[in-house]
1. Multiplying the sequence separation of residue 58 and residue 38 by 0.36 nm and subtracting their Cα-Cα distance, what value in nm do you get?
2. Structure shown: which of 46/169; 212/261; 19/266; 58/85; 130/221; 191/261 lie over 22 Å apart, alpha-carbon to alpha-carbon?
3. As a test of the formula, what do you get for the chain when each DSSP H run with n ≥ 4 contributes -39,500 (n - 2.57) and the sum is divided by the residue count, at 222 nm and rounded to the nearest 500 deg cm²/dmol?
4. Using all Cα-Cα distances in the range 1-49, what percent lands in each 10 angstrom bin from 0 up to the longest?
5. Given the convex hull over the Cα atoms of the chain, what projected area results after averaging over all orientations, in nm²?
6. So what's the Cα pair-distance distribution over the range 57-213, bin width 10 Å, in %?
7. Ignoring any ligand, DNA or RNA, what whole percent of the accessible area of the chain comes from carbon and sulfur when the probe is 1.4 angstrom?
8. How high is the relative contact order of the range 128-239? Use alpha-carbon pairs under 8 Å, at least six apart in sequence, and give a whole percent.
Amino acid sequence: MNAPIGVIDSGVGGLTVAKAIMELLPNETIYYIGDTARCPYGPRTKQEVRNFTWQMAKVLEKKNVKMLVIACNTATAVALESLQKHMPFPVLGVINAGARAAIKKTKRNEVVVLATEGTVKSGAYEQAVKSLATKATIIPLACPTFVPLVESGEYEGQFSYDLVAKGLKPLEDERFDTVILGCTHYPILQKQIEAAVGPHVHVLSSAEETAKDVEAILSYKGQLRTDVEPPKHILYASGSVPIFRSIAERWLENDELDIRKITFEK
Ligand code: DGL
């Protein structure tokens, strides 16, 4: 089936998931929406995040996507169930995938989840880990300074290492061997996070596991793209297109991206 896969996030973070999908399934077309004008979602109310997520899903429904990936933990925590119930195609979140990745790696059963305030408050990772029937203890930490750093596009250089180290200071006395990047923006700060937690800790994102889920669903449904023409991805941003472009080009290592402006009604 040659329809695109929809991928949504509050901003550029979902590109970390989109990239993993592009790498695993290079023949698939992706329509991406980053709601950069209203980012960050982390500090917003559940209702706001749910409404914004629904707005993006509706846009992609009209564009006839064959499945939707909520490449945002904050949105997954509050909107996954309702979208799964009402959308006419499969809807996938990133939290179960992230929990699975961590459980596969941890030996000590002590796992740190770095996430937004919204995701931490939702307890979604604790639930996901429990549903995998493991004994792992979750140590959640909200990192509200990380998303604005990534969205600014200025996330390289010493300043970013200092800011990340400061954000992770509350972990100083904790014992853990695995960190889940429970916000899709954070893989863009992977080097900085690894430097702060040290070389003996696994730092994992949900991106690869999510991409495997996408493949499993599409192949099960017989809906993998068969067209021989290369896919034409389209990326939409509700905020500044130049800033989105500069981050997307670097992250996806592609300077010929089709990036368009999208506007949401209030
Ligand atoms: N990238 C998003 C997440 O995974 C949200 C970041 C934000 O908007 O606060 O949670």
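1. Extra length from residue 58 to residue 38 when fully extended: 5.5 nm.
2. Violating the 22 Å limit, Cα to Cα: 46/169; 212/261; 19/266; 130/221; 191/261.
3. Theoretical 222 nm ellipticity from helices: -13000 deg cm²/dmol.
4. Spelled out bin by bin, the range 1-49 gives 25, 44, 23, 7 percent.
5. The orientation-averaged projected area of the Cα hull of the chain comes to 13.5 nm².
6. The distribution over the range 57-213 is 11, 39, 34, 13, 3, given as percents.
7. Carbon plus sulfur share of accessible area: 52 percent.
8. Relative contact order for the range 128-239 comes out at 22 percent.
The values are calculated or read from the model by the stated rules, or taken from the named source; none is laboratory data. Bear in mind the structure is a predicted one, so any value in this text is a computation, not a measurement. Virtual Cβ from ideal backbone geometry, glycine too; neighbours counted across all protein chains shown. We work out accessible area using only protein heavy atoms, side chains counted, and drop any ligands, DNA or RNA first. Shrake-Rupley method; radii C 1.70, N 1.55, O 1.52, S 1.80 Å.
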